[in-house]
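**Student:** Just passing along the structure, written as structure tokens.
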Amino acid sequence: MQLSVVVPCYNEEESVPMLVDRLVQAIEPWADEAEIILADDGSSDETWAAIEAAHRRYPVVRGIRLSANRGHQVALTAGLEAAKGERIFMLDADLQDPPEILPDMMMMMDRGYDVVYGRRAERQGETLFKKATAYLFYRFLNTLSDVEIPKDTGDFRLVSRRSLDAVLAMPERARFIRGMFAWAGFKQIGLEYVRDPRVAGVTKYPFRAMLRFATDALTGFSTKPLKMATRLAFLSLYVTFLMAVYVFLSLVLHNTAPGWASMLLAISFFSGIQLLTLGIMGEYIGRLYMESKQRPMYFVAEETGASDVPTVPQTLREPLRREAS
């Protein structure tokens, strides 16, 4: 198998037919050695029915349906673990990332690159708020992150088998896949493109989901927030010292300040720092707790196409084999 195309889908019944038609055209030069894997992330609409229909129309399409909604990154992981190709092309089902630039990515990989990621030169059909928050997010993330993550990118990329195997060897469950590829290294290059408006449906990333995703990215690739909490603690001690000097001098000079404004300000300041510090620590402790459970990231409820798609994640198959032997 030369090429695998992996697409996570969640409530994309309207997009799937158009997506498959364009993907089949994009992979035509490699049609005899290619597969299209659609990973249904426990959709509540007719997405799975659309995937089954696409498989009947194009046997090259394989469908994997997760037993429950586990999130975009886990659904993408499920598809990546099922992929058999030497090169793996990943994109979202909304067709904002054009599959037609696959041949250009293949040509760049022929030159020796392991990862060819799409860099958004322009984002059409998105609100000013979405553009601004995305712009600030990647710059803020790189300021705090211990690894340089390409700016203005997503999971839209073509990767080699060895780079994918490196990422799949990482066992964490709070996954930020574009950051994991950056951390894995290998030879990478960006390819600029214009991001199109969504072809159908609505975005599956409201503000709350974006905030959760950003938190996973920050805590998964940096300990600087913990160090920032320590610095805030020293800052609060410094401000406390200055206030103590002010109070002492006021007593000596018999110039005590009347009212409660200064006291309330001080209480609010220190309470805010304490809560922020506890929140940062809680995020890291919560991730340690979730990782310690060692639960599988997903289970496959149904599948269509190849009969050898694993019903347990690939990350669990090796331990199971060892126990059986």
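The values are calculated or read from the model by the stated rules, or taken from the named source; none is laboratory data. On a predicted model such as this, the values are computed, not experimentally measured, just so you know. Positions of Cβ are generated from backbone atoms using ideal geometry, with glycine treated the same way; all protein chains shown enter the neighbour counts. Protein only, heavy atoms only, side chains kept; ligands, DNA and RNA dropped before computing areas. Shrake-Rupley method; radii C 1.70, N 1.55, O 1.52, S 1.80 Å.
**Student:** Let me know the charge dipole size of region 1-113 about its Cα centre in debye, to the nearest 20, where only the beta-carbon of Lys, Arg (+1) and Asp, Glu (-1) is charged.
**Tutor:** 340
**Student:** Answer rounded, prolate or oblate for region 1-42, using the Cα gyration tensor with square roots of eigenvalues a ≥ b ≥ c: rounded when a/c is under 1.5, else prolate when a/b is larger than b/c, else oblate.
**Tutor:** Oblate.
**Student:** What nm value, rounded to one decimal, do you get for the distance between Leu276 and Ala53 when each label is placed 7 Å out toward the C-beta?
**Tutor:** 5.2
**Student:** With every protein chain left in place and a probe of 1.4 Å, what is the accessible surface of Glu172, to the nearest 10 Å²?
**Tutor:** 50
**Student:** By the gyration tensor of its Cα atoms, with a ≥ b ≥ c the square roots of the eigenvalues, what is the shape of region 1-86: rounded for a/c under 1.5, prolate for a/b over b/c, or oblate?
**Tutor:** oblate
**Student:** Tell me which residues come under 5 Å, amide H to amide H, from Ala301 once H is placed; ignore anything under 5 positions away on its chain.
**Tutor:** Arg65, Leu66, Ser67
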